[in-house]
């Protein structure tokens, strides 16, 4: 990795304040108590898993959660357990496993077979957990674009209040060097401060309206207010994400970010490498060599290079179209032989015939025999979490989707498919939740969202990458999903449930309608929830009863 001014781009986000006693307790379990990137180690798998799961709703850092919810209760509880824990901590402080289980042999192994000979498979055998505390939504989405080898959990914008200040500042990222060079720092701060101020004010107003219209617990109504108004939060909003990853995936993440146009990404590459070197140094030796630097340059330049070429050869692709009045789902591509291929996949695994032989057999089947084959393969499946078999991976569909960024973040989590998005932009318009209209706060909401347009326009002329930071989550993003039918079953069934967000539920329901028109026999076996749920009924006994009745009807229709 080349040296540059990446340290100027470190998020201005204050770390936790620890006492000396707390530092002693935490040092064996977290690689960095002062910064925003921390490797978690020396913890049992169940504890580190439970800890990382708190990333979605914890108000403080995960290291703070570790101290307050896992260490402190033991130290303040049973004296014998407290004494035992302190003994373990003292051992890890003074000796540690690495000092006793001398790992020079292991390091030499990786230095030879991974770094010198490039045997990447062995890098998949070593994994660790990393917590980022205080990076932007732009950075989070870029990290989570990496589908294989990383398993992220991020701070939710639906259930957590983002209106609090830390260190006198709202929680958003400021690429200061770039903004100062462009003369836009003051405008950037004024615009984003305005979004957060509106967010705070409208949360109070919406909570009042919700209390008057729904008989729910105050904590539930408060989360509903956060959920409804998250569209005001810009992509610069700082959050927390915990990752479990293997060494190969972390190496690729560092390479993807090391030479990126955005300084925040370059800072992430260095900060991540610095912490991982404390845990798995021999597995990341390659990222600093000449070949990796060329690779980093290639990864960084290709998107910009294509965009510049489009300007010359196909400028019409960059011309704005009028913003859509609503979200859009289009079935851009499907496999006309999808049913045939899935049926062939079903019989293949239970036969001794070739693939061509199975296709020929399927072609000779009657309609009744096709139904019976699908029924026999799916017989006994009662719940959406009971995955359909691999035979359904033999057919693919592609959906072109335009939807609000906030809900897109949930669909983006489906990693076992090909997803690609365009830049986060204001060009496609934004969505307004129905509760905003009903509560009489639409004008204030629109004014705040429209306030970013002048700043975005000025930033975009110089850097579409940089302009993404000021785009609020209510604006729409265009992306495609290319997925096999097995993944489609999983996604559509999961994301149409009564507890799901209405925005992404509508998208998945429309995807199902479109697929049903093309592949009705297959769609009939999907456990998709096509009902609508208002806020008061979501997750209630009534909704659960409706879901059970609907499932019974679907199973009856199958025969």
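Structure notes:
- Each peptide among 441-454, 274-287 gets the average number of other Cβ atoms lying within 10 Å of its residues, and from highest to lowest they stand as 274-287, 441-454.
- Percentage relative contact order, the stretch 21-91, counting C-alpha pairs under 8 Å, at least six apart: 24 percent
- If you plug the beta carbon distance of residue 447 and residue 375 into 1/(1 + (r/R0)^6) with R0 = 45 Å, you get a FRET efficiency near 0.20.
- Here the relative contact order of the stretch 201-268, from alpha carbon pairs under 8 Å that lie six or more residues apart, stands at 20 percent.
- Residue 314 versus residue 17: modelled label distance in nm, points set 7 Å from Cα along the beta carbon direction: 5.6 nm
- Cβ-derived FRET efficiency at R0 51 Å, residue 366 paired with residue 218, nearest 0.05: 0.25
- The chain: C-alpha gyration tensor shape, a/c 1.5 cut-off, then a/b vs b/c: rounded
- Sequence-separation-based contact order of the stretch 381-496, relative, with Cα cut under 8 Å and 6+ spacing, percent: 54 percent
- Cα gyration tensor shape for the stretch 315-452, rounded if a/c is under 1.5, else prolate or oblate: prolate
- Taken as Cα centroids, the stretch 293-335 and the stretch 1-78 sit 38 Å apart, rounded to the nearest whole angstrom.
- Model label points for residue 463 and residue 277, set 7 angstrom from Cα along the Cα-to-Cβ axis, are 2.5 nm apart.
- In the stretch 277-323, the C-alpha radius of gyration followed by the widest Cα-Cα span (Dmax) gives 18.3, 52 angstrom.
- For the stretch 235-351: rounded, prolate or oblate by the Cα gyration tensor [a/c cutoff 1.5]: oblate
- Rough spin-label spacing in nm, given labels placed 7 Å along Cα→Cβ, for residue 82 and residue 208: 4.7 nm
- Estimated FRET transfer efficiency (residue 68, residue 532; beta-carbon r; R0 35 Å; 0.05): 0.30
- Centre-to-centre separation between the Cα atoms of the stretch 347-376 and those of the stretch 248-290: 49 Å.
- Segment residue 382-residue 337, length gained on full extension (0.36 nm per residue, minus Cα span): 13.5 nm
- Highest mean packing first, where packing is the average number of other Cβ atoms within 10 Å per residue, the peptides 524-533, 326-335, 238-247 line up as 238-247, 524-533, 326-335.
The numbers here are math on the coordinates, done by the rules we state, and not lab data. This is a predicted model, so every value here is computed, not measured. Every residue, glycine as well, gets a Cβ built from its backbone with ideal geometry; the counts of neighbours run over all protein chains shown.
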